[in-house]
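Since the structure comes first, as structure tokens, the remarks are kept for the end.
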Amino acid sequence: MTIPETGQRDRLHPWCSMAGDAPDLPLSNALQSALETDVLIVGGGMVGLTLAISLAQVGVRSVVVERAERAQITAAEFDGRATAIAFAPYQMLQAIGAWPGLAPHAQAINEIRVSDGRLGAQPQRRVAPLFLHFDHHKLGDEPFGFMVENRHIQTGLWSAAQQRPEITLCAPARIEDLTCSAGGVRATIFEPDNTPAGSTNSAVGHCVQARLVVGADGRNSTVRAAAEIGCNVGSYDQTAIVATVAHERAHGGIAEEFFLPAGPFAILPLADLPDGTHRSSLVWTETTATAKSMLALGATAFQNHMAERFGDHLGDVVIAGPRWSYPLGYLQADRYVDEHLALVGDAAHGIHPIAGQGLNLGLRDVAALAEVLADGVRLGMDLGSAPLLNRYQRWRRFDGLVLLAATDGLNRLFSNDVTLLRWARDLGLAAVNRAPRLKRFFMRHARGTVGAMPRLLKGEAL
Ligand SMILES: Cc1cc2nc3c(=O)[nH]c(=O)nc-3n(C[C@H](O)[C@H](O)[C@H](O)COP(=O)(O)OP(=O)(O)OC[C@H]3O[C@@H](n4cnc5c(N)ncnc54)[C@H](O)[C@@H]3O)c2cc1C
């Protein structure tokens, strides 16, 4: 296949949107050809979009191909989760100019409280007397991070990406016939299978050519599969029930994680609504069988089970909105790179949400890959060249493995009711709580300000 040199901004297929609020352009006959770019990013989720915006800072062009429609991704019904963005990734979002879109919806996390326990008589659950308490003041004025609802993160990132002339957003779309070789990357853009009937299909067969393809397409990555990169994958037989709750008293920016025998029950502070309603995001982990029965309950019964675990420290509490569920598992790709190809975010690794680190890990990939590519641009190197990609893999894969092992270990240690383990972990929590140095070490981890930090994570320019 011969791919003509194009890359003009007016040579885009009908689903591509561009900088500013320019309307989608009609496809002219002359454009039954190719889009040329530097990096093809498959997956316009939180990680893929952050990468595109980061690369744009150094003039690297990208085409982002996202399966879902923008309106779908940013709709309230699409994703009920909220994410704890640690302080270092927050600094990156500041550095790339994406934070202002998220800031109005962000709640600072000022304290973290971890405790172990069992269900007690309603409404007061039974908490072990030994627990762990992190206060951000022990490290300085800055918070541990910020809680933001996923749909607000997606909306903010999408808007920031639309402002950049270097980024071409294609959604809803998917790629096929991906080939990566010494000559670079080629793929064909198609409509996704589930595109509503009646929508135009005139872009079928359009090509995109790039120096590098990045798989940011989540756990079931098609890019990873196309490159035949194997992965270590498994299920925890746990499901996270997620809901937003409204409560009587203010949370004070305290994130609470209460370990119950079936898994963690996390109460994460959200920004108050404009009418002053105090809210938190609930991530309630149960065995998959129990979660199914909980989710099948009527509103009152479900509310009662929730209240039994929630406790009464925030006063009256009610479920505000739908309940969501997410089956939990882990994944680690055998490699993060291949010829002219890199994996980032959940396409490369998936971890248990017990420590709220999955997206943060993905954003650390983004910061490292963006730095490696920016250095490559300055040196005039091919963005898909092996030395650059190997540097990225060396930098990131170990961190992914360590966090997978740590979250897996924590989940096994805490999600059970074995008496000896219960004593050991309660003593462990108390010991860390009384050891200031160790405590500071864990607090810096929670903030993400440890290890060899890429420039963006330090809030510096790329
Ligand atoms: C209950 C729960 C709570 C969590 N809480 C936190 C937290 O507090 N903090 C934290 O850091 N992490 C948290 N995580 C983890 C976090 O949600 C994920 O790590 C993060 O969403 C991964 O982002 P991603 O962009 O890599 O992948 P995804 O979010 O999966 O995005 C992938 C994108 O690619 C698109 N896509 C998929 N396939 C294709 C294709 N073939 N072609 C085109 N596009 C495609 C999808 O539509 C999607 O938009 C939590 C996870 C769970 C389950």
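Descriptive notes on the structure:
- The residue pairs whose first member lies in the stretch 227-240 and is in contact (Cβ under 8 Å) with a residue 60 or more places away in the chain, whose second member is hydroxyl-bearing (Ser, Thr, Tyr) and more than 14 Å from the ligand (Cβ to nearest atom), and whose beta carbons are closer than 8 Å, counting only pairs six or more residues apart or on different chains, are 238/287; 238/415; 239/287.
- As a summary of the residue check, residue 89 satisfies the conditions (1) within 11 Å of the ligand (Cβ to nearest atom); (2) part of a strand (DSSP E or B); (3) not assigned by TED's automatic domain parsing to the domain that holds residue 379 except for the one numbered (2).
- Selection within the stretch 235-275 - in contact with a helix residue (DSSP H, G or I) (Cβ under 9 Å, 6 or more places away or on another chain), part of a strand (DSSP E or B) and farther than 16 Å from residue 307 by Cα: 235, 236, 237, 238, 239, 240, 263, 270
- Residue match in the stretch 378-388 (condition: part of a helix (DSSP H, G or I), away from the ligand (no atom under 16 Å from the Cβ), surrounded by 14 or more Cβ atoms within 10 Å (Cβ to Cβ) and of a type outside the set (Gly, Ala, Ser)): yes
- Residue within the stretch 297-317 that is outside any helix (DSSP H, G or I), surrounded by fewer than 24 Cβ atoms within 10 Å (Cβ to Cβ) and within 16 Å of the ligand (Cβ to nearest atom) present: no
- When residues in the stretch 207-225 are screened for being of a type outside the set (Asp, Glu), within 12 Å of the ligand (Cβ to nearest atom) and touching a residue at least 40 places away in the same chain (Cβ under 8 Å), 10 of them pass.
- Matching residues in the stretch 233-269 - criterion: being surrounded by 23 or more Cβ atoms within 10 Å (Cβ to Cβ) and of a type in the set (Lys, Arg): none
The values are calculated or read from the model by the stated rules, or taken from the named source; none is laboratory data. These numbers were taken from a predicted model, which means no experiment stands behind them. Heads up, the Cβs are rebuilt from the backbone with ideal geometry, glycines too, and the neighbour counts pull from every protein chain shown.
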